[in-house]
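The values are calculated or read from the model by the stated rules, or taken from the named source; none is laboratory data. None of the values given here were measured: they were computed from a predicted structure. Methodologically, a virtual Cβ is constructed for each residue, glycine included, from the backbone with ideal geometry; neighbour enumeration extends over all protein chains shown. For the accessible areas, the whole protein counts, side chains as well, though only heavy atoms, and no ligand, DNA or RNA atoms are used. Shrake-Rupley method; radii C 1.70, N 1.55, O 1.52, S 1.80 Å.
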Amino acid sequence: MTLPTVPEVPGAEPSRAILDSFRISIAKRVADALPPLTVEQVYSGVDYGKKGVDFTVALPRFRLPGKVDELAKAVISQFQADDYVESVVHDKAFLHFTCRTSSLVRAVLDQVHALTNETASGLPEYGTNTTGKGKKIIIEYSSPNIAKSFHVGHLRSTIIGAFLTNLYKASGWDVVAMNYLGDWGTQFGLIAVGFEKYGSEEALQKDAIKHLYDVYVQVNKDAEADPEVKVAAAAWFKRMEDGDEAALKNWRVWRELSVKKYAEEYERLNVHFDVYTGESKVGKKWQDVALERLNEMGLISDVEGAKLVDLEKWKLGKAVLRKKDGTSIYLTRDIGGAIERYEEYKFDKMIYVVSSQQDLHLGQFFKILKLMEFPWADRLEHVNYGLVLGMSTRKGTAVFLDQIIREAASVMHEQMRKNEEKYAAVEDPELTSLEVGLTGIKIQDMAAKRINNYNFSWDRMTSFEGDTGPYLQYAHVRLTSLTRKNPELLPLPPPSEIATDTLIEPAAREIAFLLGTYPDVVKTALRTHEPSGVVTYLFKLSHAISSAWETVVVKGEKDVEKARARMWLYLCARDVLGAAMRLLSIRPLDRM
Ligand code: ARG
């Protein structure tokens, strides 16, 4: 089927988002009836309609002279139905347009089908866009501290960061996914001191993250009882900062082993990094320059040898930039780190995915970079998020990422076992419960606006009922199983020979329309940096699919043409559902 040509409109991309051409066709009708409005002007005012309405235009937004009723009448009197639009109704200040079902369904399914090839982002082409072409972005996320606990805040950063990485890739950006480890600071002096007493090579090789944490906890206790320990730790760290190889030797091994272990865990989470950097990698040079420049600006004061920057003027408080003994701190390292990253990558944008507990810290170092007049300072963005409350495993509070992963798998495994019959049919219960459990965690984490705090609940997230991760995986599995259950309908004929005209049920239309909106869901997420929009979309789509199962049946439909068209609709839905799940870093399952 070929739809009539529509004028080109900047920002519209019908070759990737077919609903854009329906929108343009609506815009043209309104513009033609209401000069001097242009198609372009109206286009940006063609919104999705509320319940049951495809598209709505709110007339007052164009600020035209004359009464709204008159304007509406002008549009309606000239209205002619065509392949795009079937009808229009006028309701107060609004015009509601209904697309022609046959062309809508056909056009959307054709497009989904034509764009199933995988792109460089690892996602199918449908839903992607090219708005970031030629641009480079660094996305820094996860960034745990070696030898300290991996808390849920880090988990959130990991999940949201992985989503943003996929999202920017899907929009054509060149993405550098960066992990900025907390691998530097006085605590490493402390661990070095502690390691002499409590360290074990064997335990270190077995699980570096856990062992270093244990040593850290023990030596911290010592330090509380005996101030000498702190002094020794500070002296050790000073040697590290001064580049004393002997003091650095062990630290290097710890870092390497920890990164190795983390990389394995990230792999299980379906999260990937291009670069593992860290606070230790930040050079001295720019940290010194920053201090000097701020000093020239009269913003630095000396408090017993320590250097303090005063940002009160910008309501950003005061902050230490350098300690008495000359060693650097978190804030200065971030300043130097950003400058070095710009020198190396010349990014067009850099995002830091860090908890809102660090709003002040990020505000401070962004401000300092602006005060230093780096022209790229306004390319930095802080994507923040709220707290997770009440996350603990059954054995107590989780401190390691692998504990969280294991708990997700085992809680899910128990849940699946409750349905004996289904459980017996699962091929690989271990792997399945791990994936479904992780899906539960991710969906719960991304379901609401980032900034909200939320209460962590194993019960809720592992349930198959309600808007949960397991429910989504189940929806995907059910769609996938269609081909296994209806082999007699396969292979499907080429799209042009599939009888999409038979897809007349409202439930079928609803699915097709939702599939058509997916490219917009991606674009909106890019603007807001909110994964929740994608989660909401996934549930809307899976609800539409689940209510279609009864009226739009495949198995048992005697008309083969019809059955095949329905199957095609569901398979297109599976592809888009899967694509949106992957965008969220979830691996869609084919069986469970
Ligand atoms: N390692 C830090 C922490 O655990 C987070 C790092 C955030 N990124 C940054 N550039 N400061 O609190």
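The residue pairs whose first member lies in the range 516-544 and is at positive phi, whose second member is of a type in the set (Val, Ile, Thr) and at pLDDT 95 or above, and whose beta carbons are closer than 7 Å, counting only pairs six or more residues apart or on different chains, are His529/Val383. Among residues of the range 132-154 that are hydroxyl-bearing (Ser, Thr, Tyr), those with a beta-carbon under 7 Å from a residue that is part of a strand (DSSP E or B) at least six positions away or on a different chain give the pairs Tyr141/Val353; Ser142/Asn179; Ser143/Asn179; Ser143/Tyr180; Ser143/Leu181; Ser143/Gly182. Applying the set (1) over 25 Å from Ser532 (Cβ atoms); (2) at pLDDT 90 or above; (3) surrounded by fewer than 19 Cβ atoms within 10 Å (Cβ to Cβ) to Thr397 leaves exactly one unmet item: (2).
All of Ala235, Ala223, Ala203 fail the test of being more than 16 Å from the ligand (Cβ to nearest atom) and within 19 Å of Thr327 (Cα to Cα), apart from Ala235.
With respect to (1) closer than 30 Å to Gly578 by Cα; (2) modelled with pLDDT of 95 or more, the lone exception for Lys50 is condition (2).
Applying the criterion of being open to solvent by 10 Å² or more (accessible area, probe 1.4 Å) and within 9 Å of the ligand (Cβ to nearest atom) to the residues of the range 134-168, the residue that is farthest from Leu257 (Cα to Cα) is Gly153. Being touching a helix residue (DSSP H, G or I) at 6+ places or on another chain (Cβ under 6 Å), more than 30 Å from Asp402 (Cβ to Cβ), open to solvent by 20 Å² or more (accessible area, probe 1.4 Å) and within 16 Å of the ligand (Cβ to nearest atom) is a property that Leu316 has. State yes or no: is Arg293 open to solvent by 60 Å² or more (accessible area, probe 1.4 Å), part of a helix (DSSP H, G or I) and within 20 Å of Gly337 (Cβ to Cβ)? It is true that Arg293 is open to solvent by 60 Å² or more (accessible area, probe 1.4 Å), part of a helix (DSSP H, G or I) and within 20 Å of Gly337 (Cβ to Cβ). Listed conditions (1) within 14 Å of the ligand (Cβ to nearest atom); (2) surrounded by 22 or more Cβ atoms within 10 Å (Cβ to Cβ); (3) within 19 Å of Val353 (Cα to Cα) are all met by Leu181, apart from (2).
Annotation: of all residues in the range 483-495 being within 35 Å of the chain's Cα centre (by Cα) and assigned to a helix (DSSP H, G or I), the one that is surrounded by the fewest Cβ atoms within 10 Å (Cβ to Cβ) is Arg484. Before we move on, is Leu360 crowded, with 17+ Cβ neighbours inside 10 Å and at pLDDT 95 or above? Against the criterion (crowded, with 17+ Cβ neighbours inside 10 Å and at pLDDT 95 or above), Leu360 does not qualify. In the set (1) over 22 Å from the mean Cα position of the chain (by Cα); (2) surrounded by 13 or more Cβ atoms within 10 Å (Cβ to Cβ); (3) closer than 28 Å to His113 by Cα, the condition left unmet by Ser433 is number (3). When the range 200-228 is filtered for residues that are out of contact with any Phe, Trp or Tyr (no Cβ under 8 Å at 6 or more places or on another chain), surrounded by 20 or more Cβ atoms within 10 Å (Cβ to Cβ) and of a type outside the set (Phe, Trp, Tyr), only His211 remains. Taking the range 329-342 as the range and being open to solvent by less than 60 Å² (accessible area, probe 1.4 Å) and within 13 Å of the ligand (Cβ to nearest atom) as the test, the residues that pass are Ile329, Leu331, Thr332, Arg333, Asp334, Ile335, Gly336, Gly337, Ala338, Ile339, Glu340, Arg341. Kindly check whether there is at least one residue in the range 357-380 that is touching a helix residue (DSSP H, G or I) at 6+ places or on another chain (Cβ under 6 Å), closer than 18 Å to Ile159 by Cβ and within 13 Å of the ligand (Cβ to nearest atom). Checked against the condition, which is being touching a helix residue (DSSP H, G or I) at 6+ places or on another chain (Cβ under 6 Å), closer than 18 Å to Ile159 by Cβ and within 13 Å of the ligand (Cβ to nearest atom), the range 357-380 yields no hits at all. Looking at the range 319-328, which of its residues are out of contact with any helix residue (DSSP H, G or I) (no Cβ under 6 Å at 6 or more places or on another chain) and either modelled with pLDDT of 95 or more or buried (at least 16 other Cβ atoms within 10 Å of the Cβ) (or both)? Answer for the range 319-328, where residues must be out of contact with any helix residue (DSSP H, G or I) (no Cβ under 6 Å at 6 or more places or on another chain) and either modelled with pLDDT of 95 or more or buried (at least 16 other Cβ atoms within 10 Å of the Cβ) (or both): Arg322, Lys323.
Taking the numbered list (1) open to solvent by 20 Å² or more (accessible area, probe 1.4 Å); (2) aliphatic (A, V, I, L, M); (3) within 16 Å of the ligand (Cβ to nearest atom) in turn, Ala93 passes all entries but (3). Residue check: Lys307 meets all listed conditions (1) open to solvent by 10 Å² or more (accessible area, probe 1.4 Å); (2) within 16 Å of the ligand (Cβ to nearest atom); (3) touching a Lys or Arg at 6+ places or on another chain (Cβ under 8 Å) but one, namely (2).
For the condition open to solvent by 40 Å² or more (accessible area, probe 1.4 Å), free of Cβ contacts under 8 Å to residues at least 60 places away in the same chain and away from the ligand (no atom under 16 Å from the Cβ), Gly172 does not qualify.
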